[in-house]
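The values are calculated or read from the model by the stated rules, or taken from the named source; none is laboratory data. Given the structure is predicted, the values throughout are model-derived calculations rather than measurements. Every residue, glycine as well, gets a Cβ built from its backbone with ideal geometry; the counts of neighbours run over all protein chains shown.
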Amino acid sequence: MNSAHSLAFIGGGNMAGAILGGLLRAGQVKAADVLVVEPHAPQRDKLRADFGIEALAAGDAVLAGVATVVWAVKPQLFTAAAEPLQAWLGGALHLSVMAGIPSQALVRMTGSERVVRSMPNTPALIGQGIAGLYARPAVSAVERAAVEHLLRPTGQTLWVEREDDLDAVTALSGSGPAYFFFFVEAMMAAAVDMGLSAEQGRRLALATCQGAAALGLVSPESPTTLRERVTSKGGTTHAAITALQADGVDAAIRRAVIAAQQRAAELGREFG
């Protein structure tokens, strides 16, 4: 059976919605070209209402002939989601946005060697994400470009040559937004301690972080140099940095990111 759809999503949660919504808004695909397999009825209804696409509770032979399949289920649900679909997926290019599931697991469950793994992050929901990508050798240059095109509405992409490097990408950018918000929460608490309101602290912290990130992206200078330019010896910033260093915050951050990397590797062994 040849599918009328060129693109299928297995799982229709937030990340699938971010990719799909971006593609439709950019005119890169038409709603009629897209199929989503999503077992949760309220989410199926939302996808239909938001995007006008076809959403099924379970996949079947309609998946045969789909050119590209995007895997967007939770890692622990991958095997259960893939097993009923194996007969129809061998001819497709597969893009996984699942954390931790190794590409060999997708090869085993789909019968296709044409697998790209992606590690996106939540700013993809507003088109400001960055996704690390790894392609198996069977993926052609044209297919790599097609994956970049598919993810372009969600933000930037960065290719890695070793699949294991995706665990580091997961630790840095995949989990990174949570580290950022953790830091902002602490800044907000300090604002309240100093007599400002929580809302004033939120606005000041978020705007400052946004501006600092924007400056870091456009400046030819390193983050170290940019930090030093604000840190006059004996000044307020110097007092803050000295306190952070005395508390070992820099080392703690490095330990935290490495812990995330190790957990990403564990997830691959556990669910893959």
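In the same structural domain as Glu143 (by TED's automatic domain parsing), under 30 Å from Arg263 (Cβ atoms) and not charged (D, E, K, R): is that true of Gly100 in this structure?
Here the answer is yes, as Gly100 does meet what is asked.
State whether the residues of the range 220-232 include one that is under 30 Å from Ala135 (Cβ atoms), at pLDDT below 95 and either in contact with a His (Cβ under 8 Å, 6 or more places away or on another chain) or part of a loop (DSSP other than H, G, I, E, B) (or both).
No, every residue in the range 220-232 fails to be under 30 Å from Ala135 (Cβ atoms), at pLDDT below 95 and either in contact with a His (Cβ under 8 Å, 6 or more places away or on another chain) or part of a loop (DSSP other than H, G, I, E, B) (or both).
Here are some conditions: (1) under 21 Å from Met15 (Cβ atoms); (2) surrounded by fewer than 16 Cβ atoms within 10 Å (Cβ to Cβ). Glu185 meets all but one. Which one does it not meet?
Tallying (1) under 21 Å from Met15 (Cβ atoms); (2) surrounded by fewer than 16 Cβ atoms within 10 Å (Cβ to Cβ), Glu185 fails exactly one: (1).
Please work out which one of (1) hydrophobic (A, V, I, L, M, F, W, C); (2) under 24 Å from Glu83 (Cβ atoms); (3) modelled with pLDDT under 90 is the condition Ala16 fails and give its number.
For Ala16, the exception is condition (3).
Quick one: is Leu133 at pLDDT below 95, over 15 Å from Met15 (Cα atoms), buried (at least 20 other Cβ atoms within 10 Å of the Cβ) and of a type in the set (A, V, I, L, M)?
So Leu133 does not fit the description; no.
Can you tell me which residue in the range 49-91 is surrounded by the fewest Cβ atoms within 10 Å (Cβ to Cβ), limited to those that are assigned to a loop (DSSP other than H, G, I, E, B) and in contact (Cβ under 8 Å) with a residue 40 or more places away in the chain?
Lys74
From the set of residues in the range 23-48 that are crowded, with 21+ Cβ neighbours inside 10 Å and under 24 Å from Ile126 (Cβ atoms), which is nearest to the chain's Cα centre (by Cα)?
Leu23
Would you say Val116 is among the β-branched types (Val, Ile, Thr) and either within 17 Å of Leu267 (Cα to Cα) or crowded, with 21+ Cβ neighbours inside 10 Å (or both)?
yes
Looking at Ser173, Ser222, Ser232, Ser197, which one is out of contact with any Asp or Glu (no Cβ under 8 Å at 6 or more places or on another chain), polar (S, T, N, Q) and under 30 Å from Val97 (Cβ atoms)?
One residue alone meets the criteria, Ser173.
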